[in-house]
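What follows is calculated from the coordinates using simple rules that are stated; it is not laboratory data. Predicted model, so just to flag it, every value in this text is computed and none were measured. Cβ coordinates were reconstructed from backbone atoms using ideal geometry, including for glycine residues, and neighbour counts include every protein chain displayed.
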Amino acid sequence: DKGGYPHFMLKEIFEQPDCLTNCMRGRVNVDTDNVVLSAIIDYKKQLINAKRFIIVACGTSWHAGQIGKQMIENFCRIPVEVEYASEFRYRNPVITSDDVVIAISQSGETADTLAAVKLAKDNGAFIYGICNAIGSSIPRATNTGSYIHVGPEIGVASTKAFTGQVTVLTMLALALAKEKGTISSSDYLEIVKELHEIPEKMKKVLELNDRISELSRIFTYAHNFLYLGRGYSYPVALEGALKLKEISYIHAEGYPAAEMKHGPIALIDSDMPVVVIATHNAMYEKVLSNIQEVKARKGKVIAIVTEGDDNISRIADEVIELPTTIECLEPLLATIPLQLLAYHIAVCKGKNVDQPRNLAKSVTVE
Ligand code: M6R
C-alpha cells in the first residue's frame, strides 16, 4: 500500500521522521539524558575493549558506515575501517579477536555482507549487526546487534533504511563513548538532545518537496552530475550520487569537495550540474571556495546550505536551506533533499523509480 503516494520511494522518504522516532524509541531518553542500546548493556566488555572496528557493507549501507566511522573515531577514539563486503571477503584481511566487525544491511540477506560476517566470525572477531529485516540471515549470523526499526522498505532505492542506519550508528557511538569516558558530558548531552529533535527538523526539510520538484525539471537535460561534500557530508554526497544514478540513469559521481581540483574539475562546463553540501560547519569556507571554482567555469551549482546563509545564495544557481543542527547530525537532514532531487528528476524523465532496470531490492547472489 503506497498510502496515497504515487510511489513507494516517495512514501518512504516522507516516512523518515516517524521511522527515526521509532528507531530511537526507548533508546534515546531526553528526560534522563541517556542513550541506551541493549546490545551495549549485554556485551559491554567486548564492545568497549575493541581495539578496532571494521564496518562491512554494500551500497547505501556502506555510505552509512562511512558516517559511522567518523562518529566512532571522533567520540570513542577507536580506529574504524569501512570495507566493501565483496572486497573484504576475498582479500585475506587481517582479523583478530580484538576486532569488532559491524555488518550493516537493510535486507539482512546481502550475499557478500553475509559472507564477510562468516569470515570474520571464523577468525575470532565479535560481530555486531545493524539490520532492518527482523530474523533475516545476517542478524542470525551475528553475536549481537541493533535493528533499525524503520519498517519494510519496498522501493529499490534505499532511503529510510539509510537514515535509520545512521541513527543507530549515532546511538552506538554515543553510548560507547560514554562507557569509555571519551566524550565530555556537555558534548554528549548536546548531541543527545539534538538527536531527539531530528525528526521534527526532518519534517521541516520535507516541506521543501514542492520546491525541489520544481527545480528538478531544470536539470533533466543533464548527462552527468557531480556531488561534493566534506567531512560528514562526503558520504552524503556519495549517497546523493548513487540515488540519482540508480533511478534516473544519469551518471553521477560523489567526491570529497577538495578532491575536485585533482581531476573532476576538468569535467565542469555550463552543462554540468554540481550539487554541493555547504552547510555552516568547520569546512564552510573551504567548500565556499569550491563553489566559486565551479562558478568560474560556468558550472551550475545546487547548494545545500544552512538557513540564513547569504554568501552562497548570491553565487549558487539553486539554494536549498536546512535547519541548523550539530555537524555530526547534518547527514540526517542533508540526505533528504538529495533523495527528493533524485526522485523528482527520475519521475520527470518517466523512469520506474520503485523498480529501476537491472536492480534487485536485495542482492542475494554475488
Ligand atoms: O540490504 P542491504 O543494505 O545489504 O543492501 C545493500 C545494497 O545492495 C543497497 O544499499 C543498494 O545499494 C541500494 N539499491 C541503494 O539504494
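Seen from every direction in turn and averaged, the convex hull around the alpha carbons of region 122-278 projects onto 13.0 nm². In region 287-349, the inverse of the mean reciprocal separation of distinct Cα atoms equals 12.8 Å; this is its Kirkwood hydrodynamic radius. As an equivalent ellipsoid, region 240-342 spans semi-axes of 20, 17, 13 angstrom, where each value is the square root of five times an eigenvalue of the C-alpha gyration tensor, largest first. For the chain, the spread of Cα coordinates along the three principal axes comes to 55, 46, 44 Å, biggest extent given first. Positive end of the dipole of region 1-121 (Cβ unit charges, origin at the Cα centre): among GLN66, ILE95, PHE53, the Cα lying farthest that way belongs to ILE95.
Our analysis of region 1-67 gives Rg over Rh at 1.09, with the two radii drawn from alpha carbon positions and Rh computed by the Kirkwood formula.
Can you tell me the equivalent ellipsoid semi-axes for region 6-110? Use √(5λ) from the Cα gyration tensor, largest first, whole Å. Walk me through the numbers before you get to the answer.
Values: eigenvalues 137, 97, 25 Å².
Equivalent ellipsoid semi-axes, largest first: 26, 22, 11 Å.
Annotation: amide H-H contacts under 5 Å for LEU322 (H modelled 1.01 Å from N, sequence separation of 5 or more, or interchain): VAL305, THR306, GLU307.
In this structure, the residue pairs whose Cα-Cα separation is over 28 Å, taken from LYS204/LYS298; LYS44/LYS121; LYS69/LYS201; LYS178/LYS245; LYS51/LYS245; LYS160/LYS245, are LYS204/LYS298; LYS178/LYS245; LYS51/LYS245. Each peptide in 103-109, 357-363 gets a packing score, the mean of other Cβ atoms within 10 Å over its residues, and the list from highest to lowest is 103-109, 357-363. Per residue, the convex hull spanned by the Cα atoms of region 113-205 measures out at 117 cubic angstrom.
Quick one: compute the contact order of the chain, relative version, from alpha carbon pairs under 8 angstrom and 6+ residues apart, as a percent. Could the numbers behind the result be given before it?
Details: 726 pairs, mean separation 70.1, N = 366.
After rounding, I find 19 percent.
Reducing region 213-229 and region 92-160 to their Cα centroids gives an inter-centroid distance of 33 Å.
This model, with +1 at the C-beta of Lys and Arg and -1 at the C-beta of Asp and Glu, gives the chain a dipole about its Cα centre of some 620 debye.
Within the listed set GLN70, GLN46, GLN165, the Gaussian network model of the chain (springs between alpha-carbon atoms below 10 Å) gives the highest mean-square fluctuation for GLN46. Most simply put, the chain has about 5% antiparallel DSSP beta bridges, counting only bridges with both residues inside it.
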